[in-house]
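Encoded as structure tokens, the structure appears first; notes follow it.
Throughout, read-outs are computed from the coordinates displayed, never taken from laboratory work. Please read these numbers as outputs of a predicted model, since none were measured by experiment. Here the Cβ positions follow ideal geometry from the backbone for every residue, glycine too, while neighbour counts run over all protein chains shown.
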Amino acid sequence: MAAASLAALVHAAPDASAHASRAAAAAAVSCAGSNTISFSPGLSLAARRTRIGGSGGYSCLSTDPALRSGVSSISGGGWNGCFFSDATTVERITWNTGERTTVVYRLGNVQQVAGQAVVLVVGRVVKGKFEGRTVASPGLQITLDPLKCVSKGGVELITGPSTLVIV
């Protein structure tokens with residue numbers, strides 16, 4: 001978490017964190033939490049076709065005062081490596097209210113910096129609560145062993161803090 005969520009690679013603007021902060025201020029929902037993302041096969045130096053899976057958990061502030069938290073399942077796939085991502089990821093969120101949201105991330109920036117995944121994905125709510133709205137999900141997922149990028153099995157799991165902003 002998606003990091004995350006993960007999606008088609010673009011080069012993020014240098015002020016990506018400032019943009020995320022402005023988006024959070026105008027958000028219908030702004031959440032902080034963490035994601036754990038798995039890759040099969042693991043990420044390596046060369047991009048290869050991978051399946052993506054994972055989960056997330058968030059504490060939220062919302063224009064809907066009843067909405068306070070959410071949990072998510074993450075799935076997808078595409079071409080991924082330690083320095084490149086071209087994938088589509090789906091995040092299915094269940095809110096504490098029982099309502100559901102399905103987000104498709106097709107646009108994002110996933111960079112391995114010193115073996116750590118720095119993630120900024122942008123998507124759209126395609127089903128459920130907040131349908132039609134834009135979603136940004138920046139995060140930093142930690143690779144416990146960054147040298148795995150050069151190993152045969154690659155980086156199979158990343159985990160760490162993430163945010164979810166629905167505008």
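A compact table of results
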read-out	value
Placed amide H near residue 48: partners under 5 Å, 5+ positions off or other chain	80, 81
Residue-by-residue Karplus 3J(HN,Hα) for the range 31-41, coefficients 6.51, -1.76, 1.60, Hz, glycine and proline x	10, 10, x, 8, 10, 10, 10, 10, 10, 9, x
The range 59-107, Rg to Rh (Cα coordinates; Rh as Kirkwood inverse mean 1/r)	1.12
Theoretical FRET efficiency, 1/(1+(r/R0)^6), r = Cβ-Cβ of residue 61 and residue 156, R0 30 Å, to 0.05	0.35
Phi-based couplings in Hz for the range 71-79 (Karplus 6.51, -1.76, 1.60; Gly and Pro marked x)	10, 9, 10, 10, 8, x, x, x, 8
Spin-label proximity, residue 147 to the range 37-53 - amide N less than 20 Å from point 7 Å beyond Cα toward beta carbon	42-46
Amide H contacts of residue 133 (H built 1.01 Å from N, under 5 Å, at least 5 apart or other chain)	125
Globularity ratio of the range 33-78, using Cα Rg and 2.2 N^0.38 Å	1.56
In order through the range 82-92: 3J(HN,Hα) via Karplus (6.51 cos²θ - 1.76 cosθ + 1.60), integer Hz, x for Gly, Pro	5, 10, 7, 9, 9, 9, 10, 10, 10, 10, 9
